[in-house]
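Since the structure comes first, as C-alpha cells, the remarks are kept for the end.
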Amino acid sequence: MDYSGETCLLVFWRALYLSLLLFPTEILLAAEAEVGMEDFRAGVEAFEAGKLNVAKQHFQSAVDAGLESSSLFYNLGVVCYQLGDYAAAEAAFRTLLDGSNGALARYNLGLVALAREKPLDARHWFEQASAGSAPAKIRTLALTQLAKPDRGSPDSGRHPTGSGKEAMAG
C-alpha cells in the first residue's frame, strides 16, 4: 500500500491526540494514589494518637482514593472493630482473605463474629485460622479461642490482633 504524506500525518496526529487523552488519566491516577498514601499515613498517626474516628475517616479516604493495600484494609478493620462498627470491620477483613494475610483475616473475622454474638460463625473462622498452613502465632491464638467454652460474649479487652500498622506486613 502506498501511504501519502497526508495519511501518515493524520495517523500521527490521531496517535498523539489519543496519547494526550490517556496521559492526564495516568497523572490523575498517580495523584489519587499519592493522596491515598497521605490519608493512610494520617490515619496511622491518628490511630497511634488514639483518635480512632479520625483514623477511620483517613483510612476510608485512602480507600476512596483508590489505594489498595493489605495494611490499609487491615488497619481500617482494626479501627472499625475498636469503634464497634462490626459490619465495616468485617468488610475490611474480608478483603484480606485471599492474600498472604488470610489466616490473620480469618482470626480477626472470628473476633468480629464474637463481638456480634455469633459464636458458630466465630468457631468457623477460628477453625480456618488454626489450619496447619497458618503462621504459628495465628494458629496458637485461634486454638486458644477454640478452647474457650463460652463463645457467646466477647471478652471486654479482646481486640483484633496487633496494634495497627506494625501487625500487618504488606
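Among residues of segment 45-78 being touching a residue at least 60 places away in the same chain (Cβ under 8 Å) and over 19 Å from GLY99 (Cβ atoms), the one that is surrounded by the most Cβ atoms within 10 Å (Cβ to Cβ) is PHE47.
Does at least one position in segment 91-111 carry a residue that is over 24 Å from PHE59 (Cβ atoms), open to solvent by 10 Å² or more (accessible area, probe 1.4 Å) and assigned to a helix (DSSP H, G or I)? No, that holds for no residue. Only one of the numbered conditions (1) at pLDDT 75 or above; (2) surrounded by 12 or more Cβ atoms within 10 Å (Cβ to Cβ) is not met by THR161, and that is (1).
Checking LEU21 against (1) part of a helix (DSSP H, G or I); (2) at pLDDT 90 or above, only one condition comes out false. Which one? The number of the failed condition is (2).
Scanning segment 79-90 for residues that are open to solvent by 20 Å² or more (accessible area, probe 1.4 Å) and among the aliphatic types (A, V, I, L, M) returns LEU83, ALA87, ALA88.
Please verify whether GLY152 is at pLDDT 55 or above, farther than 28 Å from GLU48 by Cα and loosely packed, with under 15 Cβ neighbours inside 10 Å, treating the condition exactly as stated. So that I can check it myself, show each step before the final result.
Values: at pLDDT 55 or above: no; farther than 28 Å from GLU48 by Cα: yes; loosely packed, with under 15 Cβ neighbours inside 10 Å: yes.
Here the answer is no, as GLY152 does not meet what is asked.
The values are calculated or read from the model by the stated rules, or taken from the named source; none is laboratory data. Everything quoted here is computed from the prediction, not taken from an experiment. With ideal geometry, Cβ positions are generated from the backbone for all residues, glycine too; neighbour counts draw on all protein chains shown. Calculation scope for accessible area: heavy atoms of the full protein, side chains included, ligands and nucleic acids excluded. Shrake-Rupley method; radii C 1.70, N 1.55, O 1.52, S 1.80 Å.
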